[in-house]
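What follows is a short report on a single structure.
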Amino acid sequence: MAVKKMGGHIDPYGSSLLIGPVALAVWGVLLIAAILTGQTLFSLLLLGALLTALLARLWGLGSLKNVRVGLRADTTRVYAGDRLTLTYQVENGKFLPLIWLEVLQRLPKDGCMEPEDQELLGEMPLPEEELEQVRSRYAQAVREAEKNPDQGKKLGPLVETCPALRSKFSFVLWYQQLEWDCVWLAKKRGLWHPKELLLRSGDGFGLAQAEQLCPVEKKPLLVVYPKLVPVNAAPLLGNLWEAQTGSAGTYEDCTILRGERDYQWGDPWKRIDWRVAARGGGLQVKLYETIQPKSIHFLLDGASFLGRSEDNRELEEAISIVASLMVNLSAAQVHCGLSLPRTPSMASADLFPGEETTADDLLLYLAGFRCMGDVTRLDGLRLAGLRERMGQVYLVTWKDSDAGNQILLESMGSGGVTILTWETPQEQGAGEYRVLPLRSLKGGAPHG
């Protein structure tokens, strides 16, 4: 059975057959026949049964009318591994009491959160639209298994339910408001926007069960940031210390050579290109790229991590390291930026280092980044046009010799670009690029 996107309706799977439309018609036919044949006692019994069935059905249909639900959280943003408390409210806004009430809330699809008390877990039917998709995919899998029986694929039963939080109550009186708390555990990064609760109730005879999807008032957006791990940001800070302070509050990055010009009176001698002078080319002064003060920009090549394991645990660990570095660097007054590739659920994103970009902004985008399916590679030509807004650049990728990053690296240039690789760098590395194993940055002082 699927959950319908409508108001309260009788659930045929949870209700007695005695109150169904067919049963009511049978009761009516038998009652008329008994009256016509003069069976008074039998007519009274049938009349009582018919009235009871009608009353139970009407009671069930009206049980969830004018019932409102609310939800609030003690905090809306937590890190993976933390806990938060959700407070639920149900108000019976009518004179008819609820003999019993069951409240179900679907768990997040991405599994970012779950109730701390596992005894509260239950099952609820899938929504109609999603159930149709599940049935279609299952039918396709059955056809493929029949076409290729030699592959030995075993299909399990079709699952038409999803895990849910379940709470039960008895005797909710007229115009009464219930309020209760539930502690949730943040399991992994993700976003969750709880929009509705499934309510079930019924009549006092136990014959009818109605259910209804109720929208949540003031829907909170719950964010689970990536898990923080101890990291050592010293290698990244070392690059910034090599930069020289310039005018207007900017920094000149000595690793990014923008060009050269003729020597002018007053130019520092250390900027003269002595190799050109030795070849008789005259005195030329090196011009370095200016960058934002103390800024680091991460480029996350999520596509290179796909397919490495079933649960993409390497990507999840890489994102945790990057998030931890961002928090660490922000505490050291270093501005951080982030670029993410386009995914089926999200357009490509660029958050540049600066006062307007906070650590919370960066963590929010990392929390919502879903790297699965058709994920594009980073657009090197587009990012090269934005290079001056990035400062020091760190490309997070699977390995330094990945051919998919060739256009990106060539467009960005070697100056001020460091490759953070998951795999151990090859012996030759990436040529002129600085390469660091990403996992070598783990360790150091834990985050407070």
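The values are calculated or read from the model by the stated rules, or taken from the named source; none is laboratory data. The model shown is predicted, which means the values in this text are computed figures rather than measured ones. When we count neighbours, we look across all protein chains shown, and the Cβ atoms used for this are built from the backbone with ideal geometry, even at glycine.
The figures follow:
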| item | result |
| --- | --- |
| Those strands (runs of 3 or more DSSP E) lying entirely in the stretch 283-397 with at least 2 residues under 27 Å from Glu423 (Cβ atoms) | 295-300, 335-340, 349-351, 392-397 |
| Test: Arg106 is of a type in the set (Lys, Arg), in contact with a Ser or Thr (Cβ under 7 Å, 6 or more places away or on another chain) and at pLDDT 90 or above | no |
| Test: residue in the stretch 155-164 that is more than 30 Å from Tyr225 (Cα to Cα), more than 26 Å from the chain's Cα centre (by Cα) and assigned to a strand (DSSP E or B) | no |
| The one condition in (1) modelled with pLDDT under 95; (2) out of contact with any Phe, Trp or Tyr (no Cβ under 9 Å at 6 or more places or on another chain) that Ser170 fails to fulfil | (2) |
| Complete set of residues in the stretch 73-107 that are buried (at least 19 other Cβ atoms within 10 Å of the Cβ) and part of a loop (DSSP other than H, G, I, E, B) | Ala80, Leu107 |
| Sole residue being in contact with a helix residue (DSSP H, G or I) (Cβ under 6 Å, 6 or more places away or on another chain) and more than 21 Å from Gly443 (Cβ to Cβ), chosen from Ala349, Ala403 | Ala349 |
| Conditions (1) surrounded by 12 or more Cβ atoms within 10 Å (Cβ to Cβ); (2) more than 29 Å from Cys371 (Cβ to Cβ); number of the one not met by Leu158 | (2) |
| Unmet requirement for Ser136, which otherwise passes all of (1) under 30 Å from Lys218 (Cβ atoms); (2) at pLDDT 85 or above | (1) |
| Set Gly70, Gly60: member being part of a strand (DSSP E or B) and out of contact with any Leu (no Cβ under 7 Å at 6 or more places or on another chain) | Gly70 |
| Close pairs from the stretch 35-52: first free of Cβ contacts under 8 Å to residues at least 60 places away in the same chain, partner surrounded by 15 or more Cβ atoms within 10 Å (Cβ to Cβ) and hydroxyl-bearing (Ser, Thr, Tyr), Cβ under 6 Å, at least 6 apart | Ile35/Ser43 |
| Test: residue in the stretch 359-375 that is crowded, with 17+ Cβ neighbours inside 10 Å, out of contact with any Ser or Thr (no Cβ under 6 Å at 6 or more places or on another chain) and charged (D, E, K, R) | no |
| Of all residues making up the stretch 48-79, the number that are closer than 25 Å to Gly93 by Cβ and aliphatic (A, V, I, L, M) | 10 |
| Subset of the stretch 379-408 [closer than 20 Å to Arg342 by Cβ, crowded, with 18+ Cβ neighbours inside 10 Å and among the polar types (S, T, N, Q)] | Thr397, Asn405 |
| Sole exception among (1) closer than 20 Å to Arg189 by Cα; (2) at pLDDT below 90; (3) out of contact with any Lys or Arg (no Cβ under 9 Å at 6 or more places or on another chain); (4) not acidic (Asp, Glu) for Ala303, by number | (3) |
| Val231, sole failed condition from (1) at pLDDT below 90; (2) more than 30 Å from Leu86 (Cα to Cα); (3) surrounded by 13 or more Cβ atoms within 10 Å (Cβ to Cβ) | (1) |
| Residue in the stretch 287-307 that is among the β-branched types (Val, Ile, Thr) and out of contact with any His (no Cβ under 9 Å at 6 or more places or on another chain) present | yes |
